[in-house]
Amino acid sequence: MLCLRCAQRLLVGDGKVDFMAQLMETESMATGRTPEFFSGKELKIGIIGCGYVGLPLALRFADVSQQVTGFDLDKTKVEKLNAGSSYIQHISSERIREQVKRKRFRATTDFAKLRDMDAVLICVPTPLDERREPDLSYVKETAEAIAPHLQKGQLIVLESTTYPGTTDELVLPILEQGGLRCPLDSGSRGKEVKTDFYLAFSPEREDPGNKQYGLAQIPKVVGGINPPSGRAAANMYAQIVSKVVPVSSTRAAEMVKLLENIFRCVNIALVNELKLLSLRMGLDIWEVIDSAATKPFGFMPFYPGPGLGGHCIPVDPYYLSWKAREFDFAARFIELAGEINTEMPYHIVRSVGAALNDREKSVKGSKVLLLGVAYKKDVDDLRESPSLKMLELLTERGADVDYNDPYFRALHKMRHYDFSHKRSVDLTPEAIASYDCVLIATDHSSYDYELIVKNAKLVVDTRNATRRVKAGREKIVQC
Ligand SMILES: NC(=O)c1ccc[n+]([C@@H]2O[C@H](COP(=O)([O-])OP(=O)(O)OC[C@H]3O[C@@H](n4cnc5c(N)ncnc54)[C@H](O)[C@@H]3O)[C@@H](O)[C@H]2O)c1
């Protein structure tokens, strides 16, 4: 028997039924539907976690006429989204409002609605705990929230970054608790496997604020618990991205994302270390990198800075080094890169001390203005930002520290820091001139670097943001 909804999906362009597809559909009633079902329109797609990853993904599916429901524990976020209001700077309220109005997107805290979804995508956080070990509690809680509502033929995809093995070792057993099965099978892509539901991993490669590559332009890597799961997920994602890259397993897909982030983390550590050496040798590392980048092959520029920030690069590599221990394996590159990158904010604070010392001042009692608390330019995200570490270190050493950031009028209480009393200082010439040192931590494009250097007594520049400033260079210290 073919259900009415499935039959509707099997109608081809001229209204005739695609009998091949119908045959496959009828044959695989173990799942209730074939992987081809997920090529259809008006799929009901549930996205758990409406954050930096989940929200753009939800809107992208809504753009291609799917019916998207965002699930989140945060009631305030859900209310905001349903009112058509964004809480992420690079996602416009207008985009959300339009999809809410067209009834293609809504948000809810009611997880019972998961049972009505055709596909459920998990986009919840995967941070580190206090001992810098993987904290999979969000993923586990989410799998436990899905399990009682899991339906035959549903597709579940984990998108959160994690170590190889999470989907099959952690998520699969929880989902199977209700009796439905999704057998592990790494057979060839076309292999038929009887499965009650589909389960896959597909890493998110979102780069918030990147104007060149949005979700639609970035190829999506997909690996299934079994071949039909991989095909189901590939069919669904093919509707929203330019290219789907199938891999042989969920573990391979999990490892792809970690390789990408470890590649960045290690290369950033390398330039950070070479910067420290260049400073000692009296070389300008920026000139060296820019010149090396003229080589048309075999070199990719990475840039030094005050340390790693963001939700991914400072966190994800440790997921792999943690898992590696289970295999009696020490992931030395990851540990070494972590050591160098973690040291960077300390180096910057020492440089501020040395620059003040040269002007016969101590850190203690000096007024320091830190520019940019976001972890990178032009974003409203301060997770793991090295600026927060520098704020803490300078304050501990007795400096009187203020900050300016056009993306953060005020700071809130965070997991490791509480700067909730601090408000962004207006960048007037008088304000700039009132500080002993201006520390450029994040090189937002909106900053007027000429004005900053002109009015500051001393500028410590961690990003080479002042490279085009001509007047007042004697006040600039690169570090
Ligand atoms: N931010 C990025 O640029 C980026 C890029 C690629 C991959 N990732 C990965 O994507 C995942 C999500 O990251 P993010 O940046 O979107 O996080 P985020 O903190 O912006 O959003 C997570 C959302 O999940 C919600 N949430 C938490 N627990 C929940 C639960 N049990 N049920 C429902 N909702 C829950 C939170 O309220 C929040 O709205 C992480 O694994 C991250 O490593 C992030």
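The values are calculated or read from the model by the stated rules, or taken from the named source; none is laboratory data. None of the values given here were measured: they were computed from a predicted structure. Every residue, glycine as well, gets a Cβ built from its backbone with ideal geometry; the counts of neighbours run over all protein chains shown.
Could you tell me how many of the residues in the stretch 363-377 are over 15 Å from Val460 (Cα atoms) and without any contact (Cβ under 8 Å) to a residue 60 or more places away in the chain? Counting residues in the stretch 363-377 that are over 15 Å from Val460 (Cα atoms) and without any contact (Cβ under 8 Å) to a residue 60 or more places away in the chain gives 2. Of all residues in the stretch 37-51, those satisfying the criterion of being buried (at least 22 other Cβ atoms within 10 Å of the Cβ) and near the ligand (Cβ under 10 Å from one of its atoms) are Ile47, Ile48, Gly49, Cys50. Checked against (1) within 24 Å of Gly70 (Cα to Cα); (2) more than 23 Å from the chain's Cα centre (by Cα); (3) buried (at least 16 other Cβ atoms within 10 Å of the Cβ); (4) away from the ligand (no atom under 16 Å from the Cβ), Leu175 passes all but a single condition, namely (4).
Of the residues Tyr138, Tyr87, the single one that is aromatic (Phe, Trp, Tyr) and not in a helix (DSSP H, G or I) is Tyr87.
Looking at Asp358, Asp378 in this structure, which one is surrounded by fewer than 23 Cβ atoms within 10 Å (Cβ to Cβ), of a type outside the set (S, T, N, Q) and in contact with a Ser or Thr (Cβ under 7 Å, 6 or more places away or on another chain)?
On the way: Asp358 fails: in contact with a Ser or Thr (Cβ under 7 Å, 6 or more places away or on another chain).
Criteria check complete, one pass: Asp378.
Of the residues screened, Glu206 is one that is at pLDDT below 95, closer than 25 Å to Thr109 by Cα and crowded, with 18+ Cβ neighbours inside 10 Å.
Quick check on my filter: what residues within the stretch 90-129 are within 13 Å of the ligand (Cβ to nearest atom) and in a strand (DSSP E or B)?
We begin by selecting, within the stretch 90-129, every residue within 13 Å of the ligand (Cβ to nearest atom); these are 90-91, 107-111, 113-114, 120-128.
If the condition is that a residue be within 13 Å of the ligand (Cβ to nearest atom) and in a strand (DSSP E or B), then Ala107, Thr108, Val120, Leu121, Ile122, Leu128 are the ones that fit.
Could you look through the stretch 65-84, keep only residues that are in a strand (DSSP E or B) and within 11 Å of the ligand (Cβ to nearest atom), and pick out the one that is farthest from Asn210 (Cα to Cα)? Only one residue tops the list, namely Phe71.
Looking across the stretch 299-346, the residues that are surrounded by fewer than 19 Cβ atoms within 10 Å (Cβ to Cβ) and in a helix (DSSP H, G or I) come down to Trp322, Ala324, Arg325, Arg332, Phe333, Glu335, Leu336, Glu339, Thr342, Glu343, Tyr346.
Quick one: which of Ala433, Ala374 is small (Gly, Ala, Ser) and away from the ligand (no atom under 16 Å from the Cβ)?
Ala433
On the given criteria, is Ser188 touching a strand residue (DSSP E or B) at 6+ places or on another chain (Cβ under 9 Å) and away from the ligand (no atom under 16 Å from the Cβ)? In short, no. For the stretch 375-391, the set of residues classified as aliphatic (A, V, I, L, M) and under 13 Å from Leu439 (Cα atoms) consists of Leu388, Met390, Leu391, listed by residue number. For the stretch 288-346, the set of residues classified as of a type in the set (Ser, Thr, Tyr) and touching an Asp or Glu at 6+ places or on another chain (Cβ under 8 Å) consists of Tyr318, Ser321, listed by residue number.
Test Tyr447 against the stated conditions and say whether it is within 16 Å of the ligand (Cβ to nearest atom) and outside any strand (DSSP E or B). Reasoning before the result, please.
On the way: within 16 Å of the ligand (Cβ to nearest atom): no; outside any strand (DSSP E or B): yes.
No.
Could you give every pair whose Cβ atoms fall below 7 Å, whose first residue belongs to the stretch 135-155 and is farther than 15 Å from Gly46 by Cα and free of Cβ contacts under 8 Å to residues at least 12 places away in the same chain, and whose second residue is more than 10 Å from the ligand (Cβ to nearest atom) and in a loop (DSSP other than H, G, I, E, B), counting only separations of at least 6 or pairs across chains? That search, which allows pairs on different chains as well, returns Asp135/Asp129.
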